[in-house]
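Structure below; questions to follow.
The values are calculated or read from the model by the stated rules, or taken from the named source; none is laboratory data. Everything numeric in this text was worked out from a predicted model, so none of it was measured. When we count neighbours, we look across all protein chains shown, and the Cβ atoms used for this are built from the backbone with ideal geometry, even at glycine.
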Amino acid sequence: LDILDHGGKIVRSFSSADSVEPIETDVNVPTYWIRPQQRLPAETGTHRFVWDLHYPPPKVLAHDYPISAIYGDTPRFPLGPAVLPGTYTVRLTVKGRRYEQPLTIRLDPRVRITDAGLRSQLDIGVRMNDAISRDFAALSDLRSQRGLLRTQREGAKAKEVADSLVALDSTLAGIETGARGGAAAGWRVCSTPSRGQTPSRRLRPHKRQRILSEHSTPCSGAGPRSGAPDYALRENRVSACAPIGERHDDKQGNGVDESSAAAEARHCDK
């Protein structure tokens with residue numbers, strides 16, 4: 001089952017061959033809150049399958065659940081970015097045959113935000129999603145390399161070799177958890193989003209926004225994979241802001257729509 005945007009690009013894809021993860025039991029919420037993961041049925045008959053109108057979620061070390069629980073239907077966080085309103089195509093492929101139907105997604109009429117604001121939010125959300133997933137992959141690779149180092153260290157006969165392996169492992173440990181500035185500067189924290197926070201939840205169109213890098217670190221894939229020096233993970237501080245349109249009150253208390261450019265000039269850090 002594929003969801004395609006108006007340009008024919010796949011937004012979300014599901015397969016009957018997808019593995020279904022069991023409900024987590026080591027969580028700080030009642031397990032009856034949790035929404036079970038869906039499996040796309042392949043059996044003959046009529047089936048109901050629900051798409052949550054989000055892009056795929058990023059890969060992370062740990063998941064979380066919001067306090068706004070729904071019995072048996074509380075989603076696991078982080079979610080992927082919410083899709084834009086518009087026309088989509090739902091394409092079902094069964095034994096090589098394709099069946100397509102249009103799908104129209106409309107914006108909640110109570111939400112006051114410009115089209116440019118929505119596009120800005122999606123762009124930021126997708127970039128955050130990709131950055132978190134890249135960091136997860138880099139962290140997984142780093143931990144694998146540390147495991148190999150431990151094996152080699154245990155089998156090393158020469159003290160000089162063992163000492164050099166210990167030093168290298170110590171360097172990698174500093175990259176993983178942050179040698180300076182505490183653990184918040186390391187890869188592990190970059191791949192563990194804050195409680196209840198996802199790209200789509202951070203971007204609120206009805207509030208003034210300043211989009212800052214998570215944990216004041218790049219979390220963008222620089223580091224062990226790219227060969228960048230490890231201090232880049234700790235020293236490079238990035239700040240940016242989304243030029244999203246918003247609504248605010250003027251001096252008379254009247255609601256005034258603010259353009260994207262004005263919002264950017266008003267709320268971005270210099």
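Could you tell me whether His6 is touching a residue at least 60 places away in the same chain (Cβ under 8 Å), farther than 25 Å from Leu139 by Cα and not assigned by the TED database to the domain that holds Ser140?
yes
Yes/no matrix, rows are residues, columns are (1) at pLDDT 85 or above; (2) at negative phi; (3) within 21 Å of the chain's Cα centre (by Cα); (4) exposed (fewer than 14 other Cβ atoms within 10 Å of the Cβ):
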{"site": "Asp135", "(1), (2), (3), (4)": "yes, yes, yes, no"}
{"site": "Leu139", "(1), (2), (3), (4)": "yes, yes, yes, no"}
{"site": "Thr151", "(1), (2), (3), (4)": "yes, yes, no, yes"}
{"site": "Asp169", "(1), (2), (3), (4)": "yes, yes, no, no"}
{"site": "Ala185", "(1), (2), (3), (4)": "no, yes, yes, no"}
{"site": "Pro193", "(1), (2), (3), (4)": "no, yes, yes, no"}
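Okay, next question. Looking only at strands (runs of 3 or more DSSP E) that lie completely in segment 1-96, which have at least 1 residues being basic (Lys, Arg) and under 18 Å from the mean Cα position of the chain (by Cα)?
Where strands (runs of 3 or more DSSP E) fall fully within segment 1-96 and carry at least 1 residues being basic (Lys, Arg) and under 18 Å from the mean Cα position of the chain (by Cα), they are 10-13.
Are there any pairs with C-beta distances below 7 angstrom linking a residue in segment 137-149 that is assigned by the TED database to the domain that holds Ser170 to a residue that is assigned to a helix (DSSP H, G or I) and among the β-branched types (Val, Ile, Thr), with the two at least 6 apart or on different chains, and if so which?
Leu142/Ile175
What residue, of Thr25, Thr74, Thr46, is of a type outside the set (Gly, Ala, Ser), over 30 Å from Arg98 (Cβ atoms) and free of Cβ contacts under 8 Å to residues at least 12 places away in the same chain?
Matching residue, one of Thr25, Thr74, Thr46: Thr25.
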